[in-house]
Amino acid sequence: MKPLTQYGRMAEKHWREHRPKMVRELEQTGRLHQMLLEAEEKTKDEMATLRTDLMQRGSTAQQAQDQAWEMVREKYVLLPPEE
């Protein structure tokens, strides 16, 4: 099984705290690890694209990294809490 990176570990911690039903369902179907891997891959891919675009528009590498993280984090990693 492929180990999780920082984004996958962050997603797992956040999901367990804020999305326990979703985590339980994913664990029962054996899909939690795969979904975490997908979340981190999508995060990394989208951030790379955004970083490049932001740097071409004049942002420094650090500014681009920070802005890309802010733009992407709630799409895949820091999901909204369950109701």
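Brief remarks on what is shown
- Annotation for Ala48 and His33: the two label points, set 7 Å from Cα along the Cα-Cβ direction, are 2.3 nm apart.
- Whichever lysines have a C-alpha closer than 16 Å to that of Lys13, once near sequence neighbours (fewer than 8 apart) are set aside: Lys21, Lys75
- Using a Gaussian network model of the chain in which every pair of alpha carbons under 10 angstrom is joined by a spring, one finds that among Arg19, Arg51, Arg31 the greatest mean-square fluctuation is at Arg31.
Only the coordinates and a few stated rules stand behind these numbers; no lab work does. Since the model is a prediction, treat every value here as computed from it, not as a measurement. Don't worry about glycine lacking a Cβ; one is built from the backbone with ideal geometry, like all the others, and counts go over all protein chains shown.
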